[in-house]
Amino acid sequence: DSGSRRALLLVAVVTATSLGLVVPAGANKIIRPSPPRAVHAVASSSSALVRWTKPARGPATNYTVASSPASPGCTSRALSCSVKGLGNSIAHKFRVRASNPEGTSAWSAWSPSVTPEALSNGQTTVSRLDESSLNQPQAMISDGTDLWVANESGGLSGAASITKISLATMRATVLSSPLLNNPTDLASNGTDLLITGANSNTQLSGYVVEMNIATGAFSEINSPTFSDPTAIVATSTYAYTLNASGGPNYSGSISAINLATGITSEIDSSLFSQPIALTLTPGALWVADQTGGPNNTGSLLEVNLANSTIGELDNTAINNPVALAADATQVVVLNAPAAPSLSVLTVASGVIATVTSSPLAGASGLALDSSKIWVTTATGGTYGDGSLLDISRSSNAVTVINSSLFVTPNLIAIGSGHAFVIGSPSFTGQFGGSSVG
């Protein structure tokens, strides 16, 4: 009857529409895009990398970036582009508009301001190297071939791990072993990687794990001389750990490990009162102690490796030392009282010079290359949360390198012409590299 025919007709129309056979007029028409969103920028020397997210409405085939103060801007089909020709030491903000065949959007909101800064001595870039294998990083070193990072977790069954980054390719490998637990420091002699830990499966006073770099095999070194080892350095034949306790007064000691035999001996001294950092020069170990010295505010101890004798270099400039770095000619102490400073010892003469500078406020990490002292700070910088200092070893001139990528940087290593910086805005850490000429 007529009612049945109407029902059949209705079903047919609904079915055709669900199959896409009935298309409302104008349904596929392209609309003009709305403005791009979340515009932000990262500044480098004379330039800035601007990023954004796509418009909420309308497809975009092209984007245009403008700046204030005005610049040549840039265009892109992607969601980022680099604006060049910016004035250094001048704050810039950016906005973006999108276009497609139907038209051009209004301009986006302005980004937060960023300030490009000139980088000296051939430095050109500060870039972020996203590395998911970093997981609560505790220590970092470079042996000239690879960069090594000891992580609190990220390994087997959630235990500690080692991130190995090839300096030739910047590719990362994760290494782990059940022997790793609570890593405190690491060292490399090119053949072996040595890791100190706060405890172990066999004794609760600390351990050293040795990893053969060629094979990746881990082995554990245990010794009753280990007493909460916090730092380690290595030569081709020996590794030396700095123990927070132990020694005749249980106030600190050094364990010397023969890497060929595994035999460990202890270097004790009553001069150890609160040892905090360890470094190595040819023929000598250097220990920063947070007490001792003429004002009982800190001292620098020299351990002669030929006879294990220990001498104290008392100097009022050494005040609450927190980090050490050295090469064959100099030992640098980072002091972090209310007004941080550097104490620079020339090994041949025994003379200690002092470097003071207001950018040292919040100083945390320390490294050397042939011409510069590098210091990370937890204050200053683009957003007040960190910067990198380039200090000339010949003139003591301080250059501040700012980047929004520096977020509470606290670990630094030098390798293959770069300074590598790790900060910890989250449990996983952030990894950045800065070209150093």
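The values are calculated or read from the model by the stated rules, or taken from the named source; none is laboratory data. The structure presented is a predicted model; accordingly, all values stated were derived computationally and were not measured. Positions of Cβ are backbone-derived with ideal geometry, glycine not excepted, and every protein chain shown enters the neighbour counts. Ligands, DNA and RNA are stripped out before the accessible areas are found, and what is left, the full protein with its side chains, is counted by its heavy atoms. Shrake-Rupley method; radii C 1.70, N 1.55, O 1.52, S 1.80 Å.
I'm trying to understand the selection: among the residues of region 44-92, which are at positive phi and touching a Gly at 6+ places or on another chain (Cβ under 7 Å)? First the steps, then the outcome.
So in region 44-92, the residues at positive phi come out as 46, 58, 73, 85, 89.
Within region 44-92, just 46 meets the criteria.
Among the residues in region 320-329, are any touching a Gly at 6+ places or on another chain (Cβ under 7 Å), touching a residue at least 40 places away in the same chain (Cβ under 8 Å) and among the aliphatic types (A, V, I, L, M)?
Initial filter on region 320-329 (touching a Gly at 6+ places or on another chain (Cβ under 7 Å)): 320-321, 323.
In the following step, the residues that additionally are touching a residue at least 40 places away in the same chain (Cβ under 8 Å) were identified as 321, 323.
Cutting the leftovers down to among the aliphatic types (A, V, I, L, M) gives us 323.
Yes.
Modelled with pLDDT of 85 or more and either of a type in the set (Ser, Thr, Tyr) or in contact with a His (Cβ under 8 Å, 6 or more places away or on another chain) (or both): is that true of residue 416 in this structure?
On the way: modelled with pLDDT of 85 or more: no; either of a type in the set (Ser, Thr, Tyr) or in contact with a His (Cβ under 8 Å, 6 or more places away or on another chain) (or both): yes.
It is false that residue 416 is modelled with pLDDT of 85 or more and either of a type in the set (Ser, Thr, Tyr) or in contact with a His (Cβ under 8 Å, 6 or more places away or on another chain) (or both).
Could you tell me which numbered condition residue 376 fails, if it satisfies all but one of (1) closer than 24 Å to residue 353 by Cα; (2) part of a loop (DSSP other than H, G, I, E, B)?
Status for residue 376: all satisfied but (2).
Mind checking whether some residue in region 358-373 is touching a helix residue (DSSP H, G or I) at 6+ places or on another chain (Cβ under 9 Å), more than 27 Å from residue 145 (Cβ to Cβ), crowded, with 20+ Cβ neighbours inside 10 Å and modelled with pLDDT of 90 or more? Break it down stepwise before answering.
First pass over region 358-373, keeping only residues touching a helix residue (DSSP H, G or I) at 6+ places or on another chain (Cβ under 9 Å): none.
No, that holds for no residue.
Being open to solvent by 40 Å² or more (accessible area, probe 1.4 Å), under 31 Å from the mean Cα position of the chain (by Cα) and among the polar types (S, T, N, Q) is the filter here; which residues of region 291-305 pass it?
In the first step, residues of region 291-305 are kept if they are open to solvent by 40 Å² or more (accessible area, probe 1.4 Å); the result is 294-297, 302, 304-305.
Keeping just the survivors that are under 31 Å from the mean Cα position of the chain (by Cα) gives 297, 302.
Listed by number, the list holds a single entry, 297.
Among the residues of region 122-137, is any assigned to a strand (DSSP E or B) and in contact with a Pro (Cβ under 8 Å, 6 or more places away or on another chain)?
To start, the set of residues in region 122-137 that are assigned to a strand (DSSP E or B) comprises 126-128, 137.
Subset that is in contact with a Pro (Cβ under 8 Å, 6 or more places away or on another chain): none.
No - not one qualifying residue is present in region 122-137.
Please give the number of the condition residue 211 fails out of (1) open to solvent by 20 Å² or more (accessible area, probe 1.4 Å); (2) in contact (Cβ under 8 Å) with a residue 40 or more places away in the chain; (3) over 24 Å from residue 293 (Cα atoms).
All conditions are met except number (1).
Return the total of residues in region 248-262 being on the phi > 0 side of the Ramachandran plot and open to solvent by 50 Å² or more (accessible area, probe 1.4 Å).
Let us first name the residues in region 248-262 that are on the phi > 0 side of the Ramachandran plot, namely 250, 252, 262.
Now narrow it down to the ones that are open to solvent by 50 Å² or more (accessible area, probe 1.4 Å): 250.
Looking only at that region, the number is 1.
Out of (1) touching a residue at least 60 places away in the same chain (Cβ under 8 Å); (2) buried (at least 22 other Cβ atoms within 10 Å of the Cβ); (3) not polar (S, T, N, Q), what's the single condition that is false for residue 192?
The failed condition is (2).
Could you say which residue among 265, 269, 308 is open to solvent by less than 70 Å² (accessible area, probe 1.4 Å), at positive phi and not β-branched (Val, Ile, Thr)?
Details: 265 fails: at positive phi; 269 fails: at positive phi.
That would be 308, the only listed residue that is open to solvent by less than 70 Å² (accessible area, probe 1.4 Å), at positive phi and not β-branched (Val, Ile, Thr).
Answer yes if at least one residue in region 301-309 is under 30 Å from residue 269 (Cα atoms), touching a residue at least 24 places away in the same chain (Cβ under 8 Å) and outside any loop (DSSP other than H, G, I, E, B), and no otherwise.
Within region 301-309 (the criterion being under 30 Å from residue 269 (Cα atoms), touching a residue at least 24 places away in the same chain (Cβ under 8 Å) and outside any loop (DSSP other than H, G, I, E, B)), the answer is yes, since at least one residue qualifies.
Restricting to region 327-349, name every residue that is open to solvent by 40 Å² or more (accessible area, probe 1.4 Å) and either basic (Lys, Arg) or in contact with a strand residue (DSSP E or B) (Cβ under 8 Å, 6 or more places away or on another chain) (or both).
Hits for region 327-349 are 327, 328, 329, 339, 346, 347.
Could you say which residue among 61, 53 is of a type in the set (Ser, Thr, Tyr), touching a strand residue (DSSP E or B) at 6+ places or on another chain (Cβ under 7 Å) and over 22 Å from residue 112 (Cα atoms)? Break it down stepwise before answering.
Details: 53 fails: over 22 Å from residue 112 (Cα atoms).
Within the list 61, 53, the selection yields 61.
Working only within region 390-417, note down all residues that are farther than 26 Å from residue 114 by Cβ and of a type outside the set (D, E, K, R).
Step one: list which residues in region 390-417 are farther than 26 Å from residue 114 by Cβ, which gives 392-396, 413-416.
Those that are farther than 26 Å from residue 114 by Cβ and of a type outside the set (D, E, K, R): 392, 394, 395, 396, 413, 414, 415, 416.
Quick one: residue 278 ticks every box in (1) among the hydrophobic types (A, V, I, L, M, F, W, C); (2) closer than 17 Å to residue 185 by Cα; (3) at pLDDT below 95; (4) open to solvent by less than 30 Å² (accessible area, probe 1.4 Å) except a single one, so which number is it?
Failing condition for residue 278: (3).
Within region 374-394, which residues are among the charged types (D, E, K, R), open to solvent by 20 Å² or more (accessible area, probe 1.4 Å) and either under 16 Å from the mean Cα position of the chain (by Cα) or modelled with pLDDT under 85 (or both)?
From region 374-394, those among the charged types (D, E, K, R) are 385, 390, 393; that's our starting set.
Remaining after also requiring open to solvent by 20 Å² or more (accessible area, probe 1.4 Å): 385, 393.
The answer is 385, and nothing else.
Go through region 219-244 and give me each residue that's surrounded by 18 or more Cβ atoms within 10 Å (Cβ to Cβ), in a loop (DSSP other than H, G, I, E, B) and polar (S, T, N, Q).
Result: 223, 225, 227.
Within region 31-50, can you find the residues that are farther than 13 Å from residue 114 by Cβ and of a type in the set (A, V, I, L, M)? Full working, then the answer.
Residues of region 31-50 farther than 13 Å from residue 114 by Cβ: 31-38.
31, 38, listed by residue number.
For region 43-92, give me each residue that is of a type in the set (D, E, K, R), assigned to a strand (DSSP E or B) and either modelled with pLDDT of 90 or more or surrounded by fewer than 16 Cβ atoms within 10 Å (Cβ to Cβ) (or both). Steps first, answer last, please.
We begin by selecting, within region 43-92, every residue of a type in the set (D, E, K, R); these are 51, 54, 57, 77, 84.
Cutting the leftovers down to assigned to a strand (DSSP E or B) gives us 51, 84.
Selection gives 84 alone.
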